[in-house]
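The values are calculated or read from the model by the stated rules, or taken from the named source; none is laboratory data. Worth saying up front: this structure is predicted, and the values here are computed from it rather than measured. Reconstructed Cβ throughout: ideal geometry from the backbone, glycine too, with neighbour counts over all protein chains shown. For the accessible areas, the whole protein counts, side chains as well, though only heavy atoms, and no ligand, DNA or RNA atoms are used. Shrake-Rupley method; radii C 1.70, N 1.55, O 1.52, S 1.80 Å.
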Amino acid sequence: MDKSKVALIRCESYDWDEVDKAVRTGINLLGGISNFVKASDRIVIKPNLLYGTIPDKCVNPHPSVFKAVGNLLIESGVDVYYGDSPGFGKCERHMEKAKLKGVADELGIKLADFDNGQPISHKDALLNRRFVIAKGVLDSDGLISLSKLKTHQLTRLTGSVKNQFGCIPGVLKGEYHVKMPDPYDFSAMLIDLNTLIKPRLYIMDAIIAMEGNGPRSGDQKKLNALLFSGDPIALDSVACKIVDIDPEFVPTSKLGEAAGLGTYHYENIEIVGEAVESFIDKSFNIIRKPPSSSKGGRIMRFIRNQVSPRPVIDKVNCDTCGTCVKMCPVDPKAVDWHTGDKTKSPTYKYGRCIRCYCCQELCPKGAITVRNTISGKVIGKLLF
Ligand code: SF4
Ligand code: SF4
């Protein structure tokens, strides 16, 4: 069996010349851009937007990386578009904030429609046979997935595979959390999205990654790496090695391999470019254990609800903007102004909370963290 190739390139800054050279080197090591696209293809670059934020915050792939990929595609005669569906709001506004729109306008890259969707079926899905996918994706010949290495509460790491969640437009994404609250079901749905959309090439910006309270409010961590592959499972697995987490703790790894999307086993991955050992950062702040399943009967679900790590609001940092309330996908809402006083921070009713962590993910002030309760630590150790 052929090994999956992952190109790993050292890049120590977002300096344009250095990034451009690194992107060209990485893609050339995989056989060149013509291995993935052909002239006149309509290709969408899909950066991981989540929420458009200034590049210094490292929430989105850096504009230099986006520009280098865009340039390469334009040189190849490709009709280039870009887009993503953020956590909420319109794509273009977030692209502007992330400084990606400025680059796109400069290069003549057009905005694809990620605000509207179209239903599509996926008969070979592991779990989810019907999706609503952004029109811009369906109108294209292929996608280049441009992710950022960041921590994520539900899937541990957000990278190549998770990036395609943004192909589901707008608030519809919340419905998938409600339909699939179990992290393994949610991950199976992510694999289904990838086998449906089949991005041509996956690129990860890990020059400066995000650790801790990611994917929006974590801390920056310089890893000096750009990764490239046609296999998203292998790429995420190499990213796991860099941040020293067992790839089996990232639920999309096993599910993705079972679905034939790729391999997470290091013996089946060929790393070209630089040796991974020189990038490994054992101090990277990431949860090094698998997420717990929320499946089971009512009693088990009740116990898990009591012991699962909970989102908690730090009232000092909260400015009562209400984003968490707006984004909570359950009905009735688990986080809300239960006291009726909107001048104070919202509060939680944990019995309703499905632990999707959308509130923590999207809080603009980084005021929400996910914490273990004392009883959770004790009971969790005994039962799970
Ligand atoms: S999103 Fe964050 S800052 Fe806004 S109300 Fe919720 S906790 Fe407070
Ligand atoms: S409170 Fe937060 S973690 Fe719980 S369901 Fe709502 S958004 Fe998800």
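Between A39 and L172, the modelled labels are 3.6 nm apart [label points 7 Å from Cα along Cα→Cβ]. Helix 16-29 axis versus longest C-alpha principal axis of the chain: approximately 80°, rounded to the nearest ten.
At 0.36 nm per residue, minus the direct Cα-Cα distance, what do K222 and S13 gain on full extension? Give it in nm, one decimal, please. Could the numbers behind the result be given before it?
Values: separation 209, 0.36 × 209 = 75.24 nm, distance 0.91 nm.
Length gained, K222 through S13: 74.3 nm.
Counting only protein heavy atoms and a 1.4 Å probe, segment 264-374 has 56 square angstrom of accessible area per residue. The angle between the Cα long axis of helix 374-383 and the main principal axis of the chain comes to about 80°, on a 0 to 90 degree scale. Cross-link pairs exceeding 31 Å between alpha carbons, from the set K101/K333; K21/K162; K123/K162; K99/K295: K101/K333; K99/K295. Between 0 and 90 degrees, the angle of helix 232-242 with respect to the longest Cα principal axis of the chain falls at about 70 degrees.
Output the antiparallel fraction of DSSP beta bridges having both residues in segment 4-279, as a percent to the nearest 5.
Numbers: 22 of 44 bridges.
Restricted to segment 4-279, the bridges split so that about 50 percent are antiparallel.
Going by a ≥ b ≥ c, the root eigenvalues of the Cα gyration tensor, does segment 28-132 fall in the rounded group (a/c under 1.5), the prolate group (a/b larger than b/c) or the oblate group? It is oblate, given that a/c is not under 1.5 and a/b is not larger than b/c. Overall, the accessible surface of segment 298-383 at a probe of 1.4 angstrom is composed of carbon and sulfur to the extent of 56 percent.
So how much slack lies between D246 and R371, counting 0.36 nm per residue of separation and subtracting their Cα-Cα distance, in nm?
Numbers: separation 125, 0.36 × 125 = 45.00 nm, distance 2.16 nm.
The span from D246 to R371 would gain 42.8 nm if fully extended.
Label-to-label distance for R352 and D139 is 3.8 nm, based on points extended 7 Å past Cα in the beta-carbon direction.
What you get for the chain, charging only the Cβ of Lys and Arg (+1) and of Asp and Glu (-1), is a dipole of about 1780 debye around the Cα centre.
Straight-line reach from K5: taking Cα to Cα under 14 Å and skipping same-chain neighbours fewer than 8 places apart, the aspartates and glutamates in range are D231, D236, E267, E270, E274. The portion of the accessible surface of segment 4-279 made up by carbon and sulfur, rounded to a whole percent, is 48 (1.4 Å probe; DNA, RNA and ligands excluded). Based on protein heavy atoms only, segment 9-134 ends up with 43 Å² per residue of surface accessible to a 1.4 Å probe.
To the nearest 500 deg cm²/dmol, what mean residue ellipticity at 222 nm is calculated for the chain from DSSP H runs of n ≥ 4 alone, each contributing -39,500 (n - 2.57), summed and divided by the residues? Don't skip to the answer; put the middle values down first.
Working: 13 runs with 117 residues, N = 384.
Roughly -8500 deg cm²/dmol at 222 nm, from the helical runs in the chain.
Straight-line cross-link partners of K344 among the lysines, defined as a Cα under 16 Å from its Cα and at least 8 positions apart when in the same chain: K315, K326, K365. The calculated FRET efficiency for K295 paired with T25, based on their beta-carbon distance and R0 = 51 Å, is about 0.70. Report the relative contact order of the chain, percent, no decimals, based on alpha-carbon pairs under 8 angstrom and at least 6 residues apart. Over the chain, the number comes to 18 percent.
Within segment 1-160, antiparallel bridges make up roughly 40 percent of the DSSP beta bridges whose residues both belong there. Between the alpha-carbon centres of segment 270-309 and segment 4-30 there is a gap of 28 Å. Model label sites at K282 and R129, defined 7 Å from Cα along the beta-carbon direction, differ in position by 4.9 nm.
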